[in-house]
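Notes follow the structure.
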Amino acid sequence: MRYVSTRGQAPVLNFEQAMLSGLARDGGLYLPETIPAFAGLEQLDGLSYEEVAFRVVRPFTGDSFSDDELRGAIDRAYARISHDARAPLVQLAPGHHLLELFHGPTLAFKDFAMQLIAQLFQIALARSGQRITIVGATSGDTGSAAIEAFRGIDNVDVFIMYPHGRVSEVQRRQMTTPPAANVHALAVTGHFDDCQARLKDLFNDHAFRDGVGLAGVNSINWARVVAQIVYYFTATASLGMRPTDFCVPTGNFGDIFAGSIARQMGLPIRRLIVATNQNDILHRALSSGEYRMGAVEPSISPSMDIQVSSNFERALYLAYGQDAGAIRQLMEELKQGGFAISQGALEALREQYASGRVSEEETLDTIRAMRERTGEILCPHSAVGVAVAERHLEPGVPMVTLATAHPAKFPDAVERAIGVRPGLPPHMADLFDLPERLTRVENDVDALKSLILERRTA
Ligand SMILES: *Cc1c(COP(=O)(O)O)cnc(C)c1O
């Protein structure tokens, strides 16, 4: 399988190379040249999550990994998810189901992709003897998932930038308490978008990039998207493989874009519904055709507090008929604040995506109402998803809302809604007693470069 950049000016790579590099050298994102059709949809019901993962991921990895290597990586990755179903589906109301993606070690869906790619990185690096430096930007959950997945893995250093003071205490502690010498939590002055912009600066400095063997595991990494395709298949199989709507709490557009790939592989997904909080650039773009940045407004669902949604570039590339020149043009305009999506591309997007925006009050009301009506305690991100899904329910079409994090990861918002602080699962009970380790750093690319050079364990 060959991977090409959305901006058309980076080398064509195989799966392993695309996974190890993250962002393409021309600033674009890698995508397979063609999306493989999935054979055997009717044979998935009742299989283990691991077996479905093998069948779904296999067509994308090409000859980068043997079948045994891939199976081994999948088994080790998902053994760390503390639920036999891995991604259980629970019913909220007639026709409305919640896909619980929070039973992993850091209690958010990010574990599904990060655990798998850490195993795949380990195999690839052991084979080549190469050493790499992973740098990531996080609004909270990616960073904790990356540090947890890569701690202690040979030949890798992991530096995670997070916006200082803007992640929850549980998120911060999950990043700052692992004692492994190869993981480093960096508290950057600024917002998540600043962290993401500095990450792009580091990748666009080719001398630095080659010097430290820079690799990225942000949601732009294609291998993460691939891992996230799997649960769309297991959920649809559990519902009898009939046309199904999915509602996805969305920030960087990685999770929902995985659903779009599943749909293109032939999974009977009818609509993918983008659920946003008050940081609603995607909802505005799909409603009006204007993709325009605003200022970030911090919310109670901080993992969705973004104004630029990186993976949306992939959806645009497909909606523009894989016209890399058009994408380069749009991304130039974005530097000036935004762009208008062409009529044809907008129609292509609206054919598969719907959207909705949820206020802070509605988010709290949804947490309260679901607790009363079903007993389920939602995290604020999942509540944004459930609120939008309820507006889009249609008789006869099952709706699956992705529950992206465990409520205990965001206890302040949950307590505001229901007056009860959700407890951490037993395996994390000591999180608040462990010593923390972090470095404060300015929103400045040169400061970051010196810090990385100084702290690498290579
Ligand atoms: C990352 C995250 C999201 C947003 O996912 P994207 O793939 O960035 O759209 C939503 N909810 C939670 C809890 C997250 O950690």
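Taken together, the values in this text are just the output of simple stated rules run on the coordinates, not laboratory data. From a predicted model like this one, the values you see are computed outputs, not experimental measurements.
How high is the relative contact order of the stretch 175-322? Use alpha-carbon pairs under 8 Å, at least six apart in sequence, and give a whole percent.
Answer for the stretch 175-322 is 20 percent.
Could you tell me what % of all Cα pairs in the stretch 181-242 have separations over 17 Å?
62 percent
For the stretch 240-343, what is the relative contact order in percent, using Cα pairs closer than 8 Å and at least 6 residues apart in sequence?
Across the stretch 240-343, relative contact order equals 27 percent.
Show the residues, 5+ positions off or on another chain, whose built amide H is closer than 5 Å to the amide H of residue 214.
Amide H to amide H, under 5 Å and 5 or more residues apart or across chains, residue 214 pairs with 133.
Normalised by the empirical 2.2 N^0.38 Å for globular proteins, what value does the Cα Rg of the stretch 345-386 take?
1.51
Work out how far the C-alpha atoms of the stretch 115-164 reach from end to end along every principal axis, then list the three figures in whole Å, largest first.
Principal extents (largest minus smallest coordinate, Cα): 36, 18, 14 Å.
Could you work out the relative contact order of the chain? I mean the mean sequence separation of Cα pairs under 8 Å and 6+ apart, divided by the number of residues, in percent.
Computed over the chain, the figure is 19 percent.
Take every DSSP beta bridge with both residues inside the chain and express the antiparallel ones as a percent of the total, to the nearest 5.
30 percent
Quick one: grab Rg to one decimal and Dmax as a whole number for the stretch 354-458, Cα atoms only, in Å.
Final numbers for Rg and Dmax: 19.5, 59 Å.
By a straight-distance test (C-alpha under 27 Å), which lysines pair with residue 449 as possible cross-link partners, with residues fewer than eight away in the same chain excluded?
Reachable lysines: 110, 200, 335.
Determine ³J(HN,Hα), in whole Hz, for all residues of the stretch 295-306 in sequence, where each value follows from phi through the Karplus function 6.51 cos²θ - 1.76 cosθ + 1.60 and θ = phi - 60°; x replaces Gly and Pro.
Per residue, the Karplus-derived 3J(HN,Hα) values read 8, 5, 10, x, 10, 7, 10, x, 6, 10, 7, 9 Hz.
Summarise the long-distance tail of P(r) for the stretch 178-323 by giving the % of C-alpha pairs beyond 25 Å.
Here the tail beyond 25 Å accounts for 39 percent of pairs.
With no solvent and one equal point scatterer placed on each C-alpha of the stretch 154-195, evaluate the Debye formula and give log10 I(q)/I(0) for q = 0.16, 0.23, 0.24, 0.31 Å⁻¹, two decimals.
Evaluating at q = 0.16, 0.23, 0.24, 0.31 Å⁻¹ gives log10 I(q)/I(0) of -0.42, -0.77, -0.82, -1.10.
Given the alpha-carbon gyration tensor of the stretch 288-446, what are the semi-axes of its equivalent ellipsoid in whole angstrom, ordered largest first, with each equal to the square root of 5 times an eigenvalue?
34, 25, 13
Where Rh is the Kirkwood radius over the Cα pairs of the chain, the temperature 37 °C and the viscosity 0.692 mPa s, what D in µm²/s does Stokes-Einstein return?
150 µm²/s
Semi-axes of the stretch 383-443's equivalent ellipsoid from the Cα gyration tensor, sqrt of 5 times each eigenvalue, largest first, rounded to whole Å?
One finds semi-axes of 33, 17, 12 Å for the stretch 383-443.
May I have the extent of the alpha carbons of the stretch 94-191 along their three principal axes, as whole Å values ordered from largest to smallest?
Its Cα atoms span 53, 35, 21 Å along the three principal axes.
From the P(r) of the stretch 280-333, can you give the percent of Cα pairs sitting at distances over 13 Å?
It works out to 64 percent of all Cα pairs.
Plugging the Kirkwood radius over Cα pairs into Stokes-Einstein for the stretch 361-405, at a temperature of 4 °C and a viscosity of 1.567 mPa s, what D comes out in µm²/s?
Working: Rh = 10.7 Å.
Answer, rounded: 121 µm²/s.
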